[in-house]
Amino acid sequence: QVQFVESGGGLVQPGGSLKLSCAASGRPFSTVAMGWYRQAPGKQREWVATITRGGSRNYADSVKGRFAISRDNAKNILYLQIDSLRPEDTAVYYCNIAPPSRGSWGQGTQVTVSS
């Protein structure tokens, strides 16, 4: 079973940036589409972005133009560059395959946007 460990979150001011990382293990990383997801307080987890095996990217409308997903298949790492952060981006961010595997959710990394 594939496992993920997310990192890179933190407390940032509105307009700031972060780069999240997701280390994957347990399955050939390069063979699957990968995604970032997030769960804000009191809300359901939602999809943020996807990158296919071939590198095609898709984003939720709420993050388009501000977030950038990328992958390093040699290192089995997924990234999410997040810029122009807004308070509504506050959430725990998770990575998973796309579509997500129910049994593969990690602990996530907390992103808090506040002045």
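The values are calculated or read from the model by the stated rules, or taken from the named source; none is laboratory data. As the structure is a computational prediction, the values presented were derived from the model and not from experiment. Please note: Cβ atoms are built from the backbone with ideal geometry, for glycine as well, and neighbour counts cover all protein chains shown. Each accessible area value is taken on the protein alone, full model and side chains, heavy atoms only, with ligands, DNA and RNA left out. Shrake-Rupley method; radii C 1.70, N 1.55, O 1.52, S 1.80 Å.
Relative contact order (percent) for the chain, with alpha-carbon contacts under 8 angstrom and 6 or more residues of separation?
38
Run the accessible area of the chain with a 1.4 Å probe and give the carbon-and-sulfur part as a rounded percent.
46
If the cut-off is a Cα-Cα distance under 18 Å, which aspartates and glutamates reach residue 43, setting aside same-chain residues fewer than 8 apart in sequence?
Here the aspartates and glutamates satisfying the reach criterion relative to residue 43 are 61, 88, 89.
Reachable lysines from residue 75, Cα under 18 Å, same-chain residues fewer than 8 places away excluded?
By straight Cα distance, residue 75 reaches 19.
So for the chain, taking the charge dipole from beta-carbon charges (+1 Lys/Arg, -1 Asp/Glu), which of 113, 20, 87 sits furthest toward the positive end?
20
Once amide H atoms are built 1.01 Å from N in the peptide plane, which residues 5 or more positions from residue 16, or in another chain, come under 5 Å H to H?
Correct list: 85.
How would you classify the stretch 23-69 from its alpha-carbon gyration tensor, with a ≥ b ≥ c the square roots of the eigenvalues: rounded for a/c under 1.5, else prolate if a/b is greater than b/c, otherwise oblate?
Oblate, because a/c is 1.5 or more while a/b does not exceed b/c.
Looking only at 91, 60, 49, which one moves most when the chain is put into a Gaussian network model with springs between Cα atoms under 10 Å?
Maximum among the listed residues: 60.
With the alpha-carbon atoms as the only input, what is the per residue convex hull volume for the chain in Å³?
It comes to 88 Å³ per residue, whole-number rounded.
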